[in-house]
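First up is the structure itself, then whatever we jot down about it.
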Amino acid sequence: MNNSFNTVKFTLKRYVILKKDPKIVNNYTDNLEEKIVELSLRLKGKNKELEDAIELNNLTFKKLIHNLKNPVGVAFSFSEMILEGLQNYTPDKLERHIEIIKNSSEFSLNLLNSFAEFHRYQSTDLKLYFATQNFSKVLLEILENFKKKANEKGISIQTHLPKNDIEYNFDKTELTKAISNVLDNAIRYSPENTAIQISVFENKNEINVIIADQGIGIEENHLPFIFNDFFVVNTYSNDTKKCIGLGLPITKRILAMHNGTITTESQIGKGSIFTITLPKES
């Protein structure tokens, strides 16, 4: 899909450059229309395939369709506007409208990919691969993966870890995803030049991972719903990527597969604290 966007964008730029030459502008106009139609049909096909493949009486699927309608509709509307009035478009207007189509389409595809991943965790056939390994090392690897993203916002990640390594029986891939989802949210909803604290405590019965940020916080009446499918707390993040609302539900399911839990405390304007509890085997 990205190749299609790049092709459309390249064709647009060539059209803008050569717009004053009447001998070749028609060729580029036809080419651009063809690419936009192709892109629109691919998006429409994705949406139609999804509607045909799912049972609409399922609430989760209904939410998915609802969330897809707006971005797909936006992409179609602006595609039609370009196709119907291309000759009258200024270069700046063309650039803006193709960017809107691109962003709407990318969100739709990200939503589909996230839903496919989410659906995988609802499958009874999903198998986890448990192994006793160094939990402390895996946690440090996760933090290293987010260092660049945090640095871009001037966010300091502060750690408070036990001196001795923690050995724990877990699925590395899945638990990495669960913790990463929480940390990603913490960075996404934290203002620039703040701090995120990661604390780990271990006793004979369990491991606690506490992720505390200085972000925008969550309203008290929203807290009971943040682990619901497609629930988005707010859109006040400075992150340019629109939140889909499946990260925390996926995290909760992964932790449940480890017999673990996740809880949240939050205050508006002060930040949120997520506590992950992982019981040890007896």
*If we count every other residue with Cβ under 10 angstrom of Ser266's Cβ, Lys/Arg +1 and Asp/Glu -1, where does the sum land?*
-3
*Which shape class, rounded, prolate or oblate, goes with the range 124-169 when its Cα gyration tensor gives a ≥ b ≥ c as root eigenvalues, a/c under 1.5 marks rounded, and past that a/b bigger than b/c marks prolate?*
oblate
*Could you please report the charge total around Ile211, scoring K, R as +1 and D, E as -1 over all other residues with beta-carbon less than 12 angstrom from its beta-carbon?*
-3
*Report the label-to-label distance for Thr261 and Ala131 in nanometres (one decimal), using points 7 Å from each Cα along the Cα→Cβ vector.*
3.1 nm
*Peptides 170-177, 248-255 ordered by average Cβ neighbours within 10 Å, highest first*: 248-255, 170-177
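May I ask you to order 156-166, 212-222 by the average number of other C-beta atoms within 10 Å around their residues, highest value first?
Working: 156-166: 12.5, 212-222: 17.4.
So the peptides 156-166, 212-222, ranked by packing, come out 212-222, 156-166.
For the range 131-279, go through all pairs of different Cα atoms, get the mean of 1/r, take its inverse, and jot down that Kirkwood value in Å. Don't skip to the end; give the middle numbers.
Working: mean 1/r = 0.0641 Å⁻¹.
Taking every pair of different Cα atoms in the range 131-279, averaging 1/r and inverting gives 15.6 Å.
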*asked:* For a 25 Å ceiling on Cα separation, which of these pairs sit above it: Lys127/Lys280; Lys102/Lys147; Lys127/Lys252; Lys153/Lys280?
replied: Lys102/Lys147; Lys153/Lys280
*What dipole magnitude, in Debye to the nearest 20, does the range 131-279 give about its Cα centre under +1 on Lys/Arg Cβ and -1 on Asp/Glu Cβ?*
260 debye
*asked:* Among 127-136, 263-272, how do they line up by average Cβ neighbours within 10 Å per residue, starting with the highest?
replied: 263-272, 127-136
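Any read-out appearing in this document is the output of simple, stated calculations on the displayed coordinates, not a laboratory observation. This is a predicted model, so every value here is computed, not measured. Every residue, glycine among them, receives a Cβ derived from its backbone with ideal geometry; neighbour counts consider all protein chains shown.
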